[in-house]
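The values are calculated or read from the model by the stated rules, or taken from the named source; none is laboratory data. Bear in mind the structure is a predicted one, so any value in this text is a computation, not a measurement. Reconstructed Cβ throughout: ideal geometry from the backbone, glycine too, with neighbour counts over all protein chains shown.
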Amino acid sequence: MSLRQPSPATIGRVKAILFVVSLLPLVRLVAGAFTDALGTNPLELITRSTGTWTLVFLCITLALTPARKLSGWHWLARYRRMFGLFAFFYAACHFTTFVWFDHFFDVAAIWKDVLKRPFVTVGFAALLLLVPLAITSTNGMMRRLGARRWQALHRSVHLIAILGVLHYWWLVKRDLTQPALYALVVVTLLGVRLYWRHLGRKAAAI
């Protein structure tokens, strides 16, 4: 098998393995709920875990393009959609814990939090921006929108990642180590993109 161009069957097997691995954080939470192993504050653990994994999958999604360009392994692009959808999935789980367990579907209280607490505001904005990306993730939607419009829409993942880090940063009150690490990763990945875009414009001007 060549890492530069593995067979379609190999790509499919790796994708299946990655899919199962990506579900493990959820399996851990469900198993912990049934075995009473979520600690003294299960709600906080579930909220933090789903939020953290949302950021993890956003970072993985952003990292695939630089990894593909630097390695020459263009088949890595085939996993971008799956990881992006997992980011949306864990964001939806994160929001569900907020709506269900925090507020018990009290719309007035939820809206009050969204308007008055900045970390909730940016988190809610990030989720809203993720929704159209998830809806348009299919090949059919890509054809309907056209490649240029589809790409322009999906570039909003950069803003979503920034909002996600900001949400985490404002949520944490004391130890900012983890939010700072995610901020560093996101800034680095976006910086690489900006640098490549600058090189492209410079080359086009020559």
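What the table shows:
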quantity	calculated
Subset of region 1-60 (residues that are crowded, with 16+ Cβ neighbours inside 10 Å, small (G, A, S) and within 28 Å of L133 (Cα to Cα))	S22, S49, G51
Some residue of region 90-98 being assigned to a helix (DSSP H, G or I), at pLDDT below 95 and more than 23 Å from V21 (Cα to Cα)	yes
Selection count where residues are aliphatic (A, V, I, L, M), touching a residue at least 40 places away in the same chain (Cβ under 8 Å) and either more than 18 Å from F57 (Cβ to Cβ) or in contact with a helix residue (DSSP H, G or I) (Cβ under 6 Å, 6 or more places away or on another chain) (or both), scope region 134-157	1
Unmet requirement for P66, which otherwise passes all of (1) part of a helix (DSSP H, G or I); (2) without any contact (Cβ under 8 Å) to a residue 40 or more places away in the chain	(2)
Evaluation of V107 against (1) surrounded by 12 or more Cβ atoms within 10 Å (Cβ to Cβ); (2) farther than 30 Å from G200 by Cβ; (3) of a type in the set (A, V, I, L, M) (one fails), failing number	(1)
Helices (runs of 4 or more DSSP H) wholly inside region 116-206 containing at least 1 residues that are of a type in the set (F, W, Y) and more than 20 Å from the chain's Cα centre (by Cα)	177-205
Filtered residues of region 4-38 (kept if outside any helix (DSSP H, G or I), farther than 17 Å from D102 by Cα and not polar (S, T, N, Q))	R4, P6, D36, A37
